[in-house]
1. Could you please find all residues in the stretch B:28-51 being free of Cβ contacts under 8 Å to residues at least 60 places away in the same chain and either farther than 21 Å from residue B:183 by Cα or assigned to a strand (DSSP E or B) (or both)?
2. Residue check, residue B:392 against (1) closer than 30 Å to residue B:41 by Cβ; (2) surrounded by 15 or more Cβ atoms within 10 Å (Cβ to Cβ), all met but one. Which one?
3. So if I check each of B:385, B:379, which one is part of a helix (DSSP H, G or I) and in contact (Cβ under 8 Å) with a residue 40 or more places away in the chain?
4. Restricting the stretch B:272-292 to residues that are out of contact with any helix residue (DSSP H, G or I) (no Cβ under 8 Å at 6 or more places or on another chain) and in contact (Cβ under 8 Å) with a residue 60 or more places away in the chain, which is surrounded by the fewest Cβ atoms within 10 Å (Cβ to Cβ)?
5. Does residue A:85 satisfy being farther than 30 Å from residue A:143 by Cα, modelled with pLDDT of 85 or more and within 19 Å of the chain's Cα centre (by Cα)?
6. Go through the residues of the stretch B:426-449 one by one and say whether even a single one is over 30 Å from residue B:36 (Cβ atoms) and at pLDDT below 85.
7. Consider residue A:5 carefully, then state whether it is out of contact with any helix residue (DSSP H, G or I) (no Cβ under 9 Å at 6 or more places or on another chain), part of a loop (DSSP other than H, G, I, E, B) and within 30 Å of residue A:137 (Cα to Cα).
8. Among the residues of the stretch B:68-79, is any at pLDDT 90 or above, under 30 Å from residue B:312 (Cβ atoms) and part of a strand (DSSP E or B)?
């Protein structure tokens, strides 16, 4: 039963209740696949191979140019078309733990379980790379120096991350008022 | 006179905390005072070691440490258009209205100003140093400065000498350049509760980087001569650098171990404790656009002796400073004159005068006026930008135009690939004010335009 859903661009957030137990909370981030990417990359690869074949057959170049272009095509496809992710889910089981799931287009699902007592705090973090800046939702784990990314492959908008963050905070029993160190008085 | 409109300013410089220095302090204090005036300030700098990503400093000052490694003298590698994607992202997500770059030697600053101009933002540049005209490095740097300042909205210099130097180097119109001197945190630099006694010995303090530009070679000649002429004078030298070896050799050669104390590098937090142990502050720089060090010394109640170079004569009134030509004989004469002036000096009176003369809040208010003037500048399209750059030189002009065209094309490619609507705006975090301000005031939670979530993130 879908309780709440929002969409922005290629991302859709749904909050549903699949299990009869009302305590179990499930949040999905679904990515719409972009066919244009596939068309562009495969067209590029075909053009490259066709050019290599033309040079080999009609231009008199060695056959090795065709092999190199095939290798380059494989490299290009691997680089520009990473393993397609269909959706990522967060299953929150209060007093038990949080399960992070990644669903691929091929049907494969990778799951990762984090016990509730290992979670110190869920945090929204701004990540800065040399070319961009984006929000992520991470779990601070007791005794670990590295945080665990909740959504490992997708970069949904922060409006969607906030709902998942609030649910995680509620599950890990952190009051929002206690976290609110950012109020001012007028 | 002031503009009550609140601005959203992006300060850009390669030089920021955790590095400590004049430019770093200027950016930090100016940002804090602008925050207190109600503006939104974001600082963009490069990553320092593991310090990478977003950090918050006092008062909610947001700092982006972009993971571009410095390649020379703490400046990032010049890529001309490589920084455009990250600068564009930060400008859109923080809803910046104005970009303020600092320091000629900061390549990050030049990148940000260049890319921001092409995207239609108003830019302000502050020059903190004096530079030469004759050597190879200066010629190239001046050409880069000419490129950056060709269509900057307004510029700020820290002294009139610096303004003259910047205008000559860059070819910028003098009407566009404002002079706003640096200031000093007089709360941090206070005289000692009990000033050191002047009856037994006179202590002369030197705190600077021991490099050629700061006149370390002059010290090597001045110190032995003064120690010979004045038996009751002792030196305390703080700082480190390649010329430290020369000073130590001088100390050994003249057997001045008991009269010249070398402290090594002094952390900024301990500078005051070193200053208040002395009576006179000696600055032997060969070039200075402004010299904040003598402000700090005067704020601690020390009489200053300095070389008459650059913008130094503009900094302190005549009864607080004795100026000398940058040669050993004149410096010795000036120090002897300062020693005779000492009985008339009251450190607390000097400190109180400094509090009135120099004030970071005043610098912020004057900078606000520059921002208001910059925002009133007319919007320019690409052709107007190109025509300004074309006049920079026969070959350089064409090169600059090519770079601007490439930036423009990359910007439009980014607009197609990642439209501005896809970049989410960051809500403003508002930090708690002091307990005194909170008492008796009602609580208000600030909401963003999108009322779905409030300010509490962490």
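The values are calculated or read from the model by the stated rules, or taken from the named source; none is laboratory data. Since the model is a prediction, treat every value here as computed from it, not as a measurement. Here Cβ is always computed from backbone atoms with ideal geometry, including for glycine, and neighbour counts include all displayed protein chains.
1. If the condition is that a residue be free of Cβ contacts under 8 Å to residues at least 60 places away in the same chain and either farther than 21 Å from residue B:183 by Cα or assigned to a strand (DSSP E or B) (or both), then B:41, B:42, B:43, B:47, B:48, B:49, B:50, B:51 are the ones that fit.
2. In the conditions (1) closer than 30 Å to residue B:41 by Cβ; (2) surrounded by 15 or more Cβ atoms within 10 Å (Cβ to Cβ), residue B:392 misses (1) alone.
3. B:385
4. Keep residues of the stretch B:272-292 that are out of contact with any helix residue (DSSP H, G or I) (no Cβ under 8 Å at 6 or more places or on another chain), which gives B:273-274, B:276-278.
Right, trim to in contact (Cβ under 8 Å) with a residue 60 or more places away in the chain and you get B:274, B:276-278.
Working: B:274: 19, B:276: 21, B:277: 16, B:278: 25.
If we take residues in the stretch B:272-292 being out of contact with any helix residue (DSSP H, G or I) (no Cβ under 8 Å at 6 or more places or on another chain) and in contact (Cβ under 8 Å) with a residue 60 or more places away in the chain, then B:277 is surrounded by the fewest Cβ atoms within 10 Å (Cβ to Cβ).
5. On the way: farther than 30 Å from residue A:143 by Cα: yes; modelled with pLDDT of 85 or more: yes; within 19 Å of the chain's Cα centre (by Cα): yes.
Answer is yes for this residue.
6. no
7. No, not satisfied.
8. The answer is no; no qualifying residue exists.
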